[in-house]
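Only the coordinates and a few stated rules stand behind these numbers; no lab work does. Bear in mind that the values here come from a model prediction, so they are computed numbers and not experimental data. Neighbour counts are summed over all protein chains in view; Cβ atoms, including those assigned to glycine, are modelled from backbone coordinates with ideal geometry.
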Amino acid sequence: MFHNLDEVLRYIQVNEVQYVDFKMTDLRGRWKHVTIPAENLNADTMKYGIGFDGSNYGYAEVKKSDMVFIPDLSSAVLDPFAAEKTLVMIGDVMVIEEPENKPFNQYPRNVAKAALEYMRSTGIADEMIIGPEYEFHVFDSVSRSVRPDKVSYELTSYESHWSADEPGSLGYHNNYTGGYHADIPSDSTYNLRNEICTNLKKFGVKVKYHHHEVGGSGQLEIEVSLGDMLKLADDTLAAKYVIRNTAVQNGVTATFMPKPVYGEAGNGMHVHMLLRKEGKPLFYEEGTYANLSKTAMYFIGGLLKHVRALCAFTNPSTNSYKRLLPGFEAPATVGYALANRSSVIRIPSYAKSPDDKRFELRSPDATCNPYFAYSAILMAGLDGILHKIDPEDYNWGPFDFNLYDLSEEEKKHLEHLPTSLEEAAKALEEDCEFLKQGGVFPEELINTWIGMLKKDAAYIGKIPHPAEVDLYYDM
């Protein structure tokens with residue numbers, strides 16, 4: 001939006017902006033923020049930054065936890081959710097050192113920048129282009145309880161099949177797993193999605209389309225245009241902010257949980273990707289399988305080789321592994337194929353032109369920290385190119401058939417994604433060297449991340465589950 005401080009200060013004065021809100025990212029990928037009166041933004045802010053205590057953000061300990069946030073003026077937008085006129089900016093985090101500050105190597109945005117710089121240093125490519133698909137649920141309300149005497153959660157959704165017999169029902173409900181492209185009035189969130197997309201435009205997020213997804217109880221999708229990896233990582237956090245806040249303003253609640261509804265389709269965040277060098281696409285070669293170049297196949301090989309470790313970053317919640325099950329359009333098998341939604345890597349048949357030739361990784365979900373997840377995906381693909389990992393050499397496809405239809409005996413010969421967060425954390429422990437190349441993922445960051453995943457898994461593992469009461473109470 002802006003190129004220099006003078007432009008920002010002029011805009012603030014002309015438009016009577018009252019506050020400037022700085023968004024920072026914690027370890028898990030949640031936005032935090034600190035706000036200053038607009039008149040306090042000056043040249044010193046850009047030089048010395050806004051100080052904060054980084055020890056509260058979850059990162060590995062550093063000698064000095066005092067850090068500074070340096071805003072990125074080009075990211076500034078007016079916040080449609082603030083009562084007072086407020087300019088929002090993201091930016092980068094620096095560690096305070098003499099004679100000058102240096103980038104904090106664990107900060108997610110800095111990791112993404114390091115991954116892109118490493119890519120350029122290899123000479124393979126100079127652009128990583130991605131396009132995530134945001135799947136999420138909107139409910140009318142949610143309540144939850146984790147107490148010694150009560151462990152439960154309850155969702156309400158007017159459009160769901162289970163609401164059809166409730167007082168006040170008008171009869172327009174979606175069948176179980178029958179929500180795909182539902183039309184109004186059964187699609188009760190149409191106007192909400194339009195409003196979300198209008199607000200996304202204010203944040204510079206380019207929307208391709210939106211629609212109701214398979215889940216009958218308020219599962220939705222917004223797909224955005226392909227773009228630079230760093231920009232799309234920024235946009236992913238902006239999208240989650242916009243979606244949640246627009247929902248709240250309309251008296252409903254939005255969640256990106258991978259599996260909030262038992263038996264219904266889960267929420268993924270499929271990531272489309274391609275590489276370019278000097279403006280030219282690197283993934284197209286006519287006459288090959290799906291017209292994919294050797295570079296593309298090696299990139300796929302790297303993804304598949306490291307996909308179990310990648311899950312620790314792309315699927316970092318215990319709930320993630322309730323989605324990665326056969327039968328719900330979520331992948332569970334390590335492999336690739338053309339237009340096959342049951343494989344972990346799908347090559348869209350509609351992406352035919354050289355500039356558009358790409359594939360998608362279908363395993364990720366939006367509980368990830370997008371900076372870490374996209375960076376890890378890039379590092380795995382680069383490793384595949386550098387070491388010429390051909391997926392056909394490892395029986396990773398192409399699987400041009402429905403993998404869900406294989407017999408149990410046939411499935412034994414295939415590799416599978418982790419089935420739990422503990423398994424993903426262990427996979428990352430055993431396979432993390434590719435992430436450390438070029439200093440992209442510091443060892444202390446990887447260790448902290450693994451420790452966090454294990455702690456989450458241990459916490460959830462200790463809590464009695466309501467279904468256990470159903471199964472075992474009378475034993």
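Some observations on this one:
- Ordering M94, M46, M24 from the fewest to the most neighbouring beta carbons within 10 Å gives M46, M94, M24.
- Bridging of K202 to aspartates and glutamates at a Cα separation below 17 Å is possible for D21, D72, D79, E84, E223, D234, D235, once same-chain residues fewer than 8 apart are set aside.
- Ascending count of other beta-carbon atoms within 10 Å, so fewest first, for C432, C368: C432, C368
- In the structure shown, the pairs K23/K426; K259/K436; K150/K322; K231/K454; K23/K305 are assessed against 28 Å; a Cα-Cα span above that value is assigned to K23/K426; K259/K436; K231/K454; K23/K305.
- The range 5-103 - percent relative contact order, Cα under 8 Å, separation 6 or more: 28 percent
- Debye log10 I(q)/I(0) for the range 5-103, one point scatterer per Cα, at q = 0.11, 0.20, 0.22 Å⁻¹: -0.34, -1.00, -1.15
- Cβ-derived FRET efficiency at R0 22 Å, V14 paired with D126, nearest 0.05: 0.05
- Take 103-115, 203-215 and order them by the average number of nearby Cβ atoms within 10 Å per residue, most first; the result is 103-115, 203-215.
- Contact order normalised by residue count of the chain, Cα under 8 Å, 6+ apart, percent: 14 percent
- Placing one equal scatterer on every Cα of the range 230-381 and applying the Debye formula, the log10 ratio I(q)/I(0) at q = 0.10 Å⁻¹ is -0.38.
- Ranked by how many other beta carbons lie within 10 Å on average, peptides 179-185, 416-422, 83-89 from highest: 416-422, 83-89, 179-185
- Theoretical ellipticity at 222 nm over the chain - DSSP helices of four or more residues, -39500 (n - 2.57) apiece, nearest 500: -10000 deg cm²/dmol
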